[in-house]
1. Given region 219-272, what helices (runs of 4 or more DSSP H) lie entirely inside it while holding 2 or more residues that are under 20 Å from A136 (Cβ atoms)?
2. Could you tell me whether T388 is in contact with a helix residue (DSSP H, G or I) (Cβ under 8 Å, 6 or more places away or on another chain), open to solvent by 10 Å² or more (accessible area, probe 1.4 Å), among the β-branched types (V, I, T) and under 27 Å from L291 (Cα atoms)?
3. For region 770-806, which positions are part of a loop (DSSP other than H, G, I, E, B) and farther than 19 Å from I746 by Cβ?
4. Go through (1) under 46 Å from the mean Cα position of the chain (by Cα); (2) β-branched (V, I, T); (3) open to solvent by 80 Å² or more (accessible area, probe 1.4 Å) one by one and return the number of the condition T793 breaks.
5. Could you check region 732-763 and list, in sequence order, the residues that are in a helix (DSSP H, G or I) and of a type in the set (S, T, Y)?
6. As an exercise: evaluate M236 against (1) open to solvent by 30 Å² or more (accessible area, probe 1.4 Å); (2) over 25 Å from the mean Cα position of the chain (by Cα) and give the number of the one condition it does not meet.
7. Could you list, in sequence order, all residues of region 254-269 that are farther than 20 Å from A182 by Cβ and either open to solvent by 20 Å² or more (accessible area, probe 1.4 Å) or over 25 Å from the mean Cα position of the chain (by Cα) (or both)?
8. Of all residues in region 519-572, which are among the β-branched types (V, I, T), open to solvent by 40 Å² or more (accessible area, probe 1.4 Å) and part of a strand (DSSP E or B)?
Amino acid sequence: MFPIVGIGASAGGLEALDLFLRNVPPASAIAFVIVQHLEPTQKDFMVELLQRSTAMKVTQVKERTVVHPDCVYVIPPNKEMSILHGVLHLLDRLAPHGLHLPIDFFFRSLADDQRERSVGVILSGMGSDGTLGLRAIKEKGGGTFVQDPASAKCDGMPRSAMGTGLADIVAPAEALPEKIIAYVRHAPLVTKSGLAQADKARSGLAKILILLRDQTGQDFSLYKNIAVYRRIERRMGVHQIDKIATYVRFLQENPQEVGLLFKELLIGVTGFFRDPEAWEKLKREVLPAMLKESGRNLALRAWVIGCATGEEAFSLAIVFREALEHLGSGQNLSLQIFATDLDRDAIEKARAAVFPPNIDADISRERLERFFIKVEHGYQVSKSIRGTVIFAPQNLIMDPPFTRMDIVCCRNLLIYLSPEVQKGILPLFHYSLNPGGLLLLGKSETVGDFTDLFATVDDKGRIYRRIDSDLPTKPVKFRSAFVPTPNAPQPMKPSKATVNLQSLADQLLLQKYSPAAALVNDQGDILYISGRTGKYLEPAAGKVNWNIFAMAREGLRYELKGVFHKALRQKEAVILRKVAIRTNGEMHTVDVTVQAIADPRALRGSVMIVFTDVGTTTGANVSRKAKQSSSPALAQMERELEQARQEARITRDEMQTFEEEARCATEEMQSMNEELQSTNEELQMLNHELNLKVNDLSRLNNDMKNLLDSTELTTLFLDNALNVRLFTTGSNKIFKLMRGDLGRPITDIASDLIYSRLEEDAREVLRTLISHEQQLTTRGGHWFLMRILPYRTLENMIDGVVITFVDITASKALESELRKTQAGLYKQIGEQGLKLELHGQLAKEGGNPPEFEPTKVIPSQK
């Protein structure tokens with residue numbers, strides 16, 4: 001197989017394409033597919049022009065064109081292009097005019113079809129087309145190359161790609177072919193021959209993971225090795241490194257490469273409404289059913305794991321809003337979404353909620369208009385949706401989970417984790433969800449064997465519902481070290497043996513007839529359970545706790561602690577006889593045997609606790625025995641004994657009541673502690689978010705103050721009621737303003753202006769939204785140019801007026817001087833004109849002009 005290079009450029013990127021193709025050596029064994037922005041009616045001369053730049057065959061794509069190496073393929077005008085199994089297909093362009101994103105469309109198709117053999121190149125062009133396509137290629141393990149914006153005629157597309165951090169290499173167009181060829185010819189680290197399992201490869205991987213852990217604090221040893229290998233292989237290909245040991249040394253010498261590798265490992269599948277059918281199912285059926293069951297006044301909570309730059313979290317918020325509107329009025333429900341990810345940079349981008357213009361390929365026009373605001377660099381999620389999502393960095397494997405969730409969304413993350421970690425994560429989701437809560441997984445993920453914890457709601461959309469289970473769940477234990485012990489004994493593979501009747505019989509006896517038992521450590525934490533222990537043990541309320549003292553049922557908890565510590569001290573079996581245990585409202589009697597284990601050595605230090613049911617003597621049997629007794633003294637003793645038993649029973653019932661109250665109080669305290677802990681975590685997140693916003697507002701406030709001061713304009717901000725909202729430092733030249741005047745009506749503020757229509761003109765601007773301009777003077781003789789404009793918010797709402805005053809006193813003085821100069825000139829011109837007229841008249845009469853002083857005339861008499 002040969003690699004396929006997709007090249008994206010605008011119609012004006014012919015120069016960059018020419019430089020690129022001229023530097024591709026012959027017989028490179030690579031195919032090149034060029035996608036350009038072409039007008040629908042444009043005549044195509046690209047094939048003829050590009051053929052002059054290369055010795056490779058240049059062909060315009062036709063339907064079902066098979067891609068061959070050492071050939072160049074060019075998209076025709078007014079077409080979309082995709083690839084399937086190495087064959088190019090053409091689709092008609094739906095809209096002849098408007099936003100057209102052919103590069104993103106083809107790059108996504110190339111990534112799905114060629115995966116790690118795909119290469120994306122962005123050359124000169126305007127806009128952001130190709131950015132999302134590069135992300136798709138990188139997600140599949142392909143290479144991404146971008147022209148240096150400094151060398152591009154139009155740097156919009158290269159800068160957009162670089163701004164996302166997706167580019168592997170940035171270089172001038174003429175230097176890119178050499179780097180691409182070096183990249184695709186790099187020998188892969190993971191091959192079908194099993195090199196990834198070699199000792200050197202495993203050792204090198206362990207060292208890389210250690211370097212990552214030391215610099216980033218994150219443990220990638222719990223991820224699938226093959227996924228980690230492929231990401232490492234990509235970085236090695238970028239630097240043309242063939243041996244993993246060489247790459248380890250390169251990481252040690254270049255700490256910045258560790259950060260780049262960390263970013264490489266964190267690249268995940270993301271996008272708005274990915275898998276549209278699942279989101280539509282969630283909106284039309286699943287969420288409405290959940291909302292109807294929730295009641296009318298409830299705040300629902302959701303946890304989006306691996307949120308990346310926030311697309312999935314915002315998708316959930318939008319779908320919830322639409323489902324709530326579809327359900328109808330009368331519902332006072334809200335959704336608070338907690339979105340977490342390992343990548344702090346991605347979290348910062350998610351908080352900004354600004355996305356490139358080409359997201360309209362994934363979002364309908366109706367949703368764009370309702371839930372997004374058009375900004376300079378694309379679209380920003382509206383404030384009403386942003387306010388429902390809180391972003392925070394979190395490590396799913398190492399950090400505590402969020403609790404009391406109604407929805408947990410973890411899509412396309414489990415596929416990167418090892419099976420052992422997946423088995424620990426799914427019970428964690430079960431613990432985080434409220435009863436009946438929803439679990440959303442990716443289309444390649446399932447709940448596996450945990451069908452006792454989750455019921456399927458929609459198998460195709462991978463939507464599951466939490467169900468309660470009486471079966472104990474094994475606690476998750478994660479590895480604490482990167483490198484496995486080199487001399488650790490490997491488990492023996494069971495060999496096929498003949499059927500052993502004694503072994504099968506012993507196994508049947510253990511399963512069916514042996515008493516229930518639990519193996520615990522010296523702290524009481526359960527290590528192993530044999531038989532059915534449901535009558536004696538139950539999970540404690542609140543946070544998952546696998547300690548046997550917390551799980552012991554009523555009547556056994558306190559007695560068990562005493563004999564447990566006694567058995568540890570005596571190193572021999574201690575038996576607690578005829579313990580009354582309450583199970584589901586019924587009383588049972590059981591003997592409990594506690595034995596500290598010394599042999600075998602592997603179990604030394606642990607304790608075996610065995611539960612044995614025993615029969616009780618009924619009241620009828622006691623009466624029968626008493627009647628048969630012929631001795632009066634014995635009968636008296638039996639009566640006294642029965643009375644003592646009754647008193648003991650009453651005392652025991654009182655003690656049980658007290659224990660029940662104490663247990664309820666303890667459970668309430670534990671529940672309150674869990675709620676306080678969860679609330680504390682949320683408050684910490686909110687505090688972090690608030691601090692970031694306060695810092696941003698403080699910085700913006702400083703920028704605004706410096707901007708207004710630098711303009712030397714007197715500016716006054718009024719709200720819709722014409723109350724003072726803000727004013728600049730120069731406002732005291734006109735109005736007698738102080739800081740305490742904020743919020744007061746402008747009509748209450750004294751002014752030096754000889755102007756009484758300020759309120760009327762401001763209200764007229766609010767009514768008509770047409771700006772007003774007028775020259776005004778003050779009592780001190782200063783002149784100002786006043787402008788009144790409507791105050792518009794980012795949501796295009798009118799929220800008051802802005803009044804600016806520009807000091808034009810100097811201009812007015814200059815204007816007065818010009819008028820005086822003009823009048824003097826007019827006077828001189830008039831006198832000279834009259835003199836010339838008299839001279840002309842005397843000349844006609846033949847006489848000499850007399851000597852006289854010209855009379856004073858004005859220019860109009862001329």
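1. 225-238, 255-266
2. yes
3. Residues satisfying the conditions are I770, G780, G781, H782, T793, L794, E795, N796, M797.
4. (3)
5. T747
6. It is condition (1) that M236 fails.
7. The answer is P255, Q256, G259, F262, K263, L265, L266, I267, G268, V269.
8. I529
The values are calculated or read from the model by the stated rules, or taken from the named source; none is laboratory data. What you see is a predicted model, and the numbers here were worked out from it, not measured in a lab. Positions of Cβ are backbone-derived with ideal geometry, glycine not excepted, and every protein chain shown enters the neighbour counts. Note: accessible area is taken over every heavy atom of the protein model, side chains too, but ligands, DNA and RNA are not part of it. Shrake-Rupley method; radii C 1.70, N 1.55, O 1.52, S 1.80 Å.
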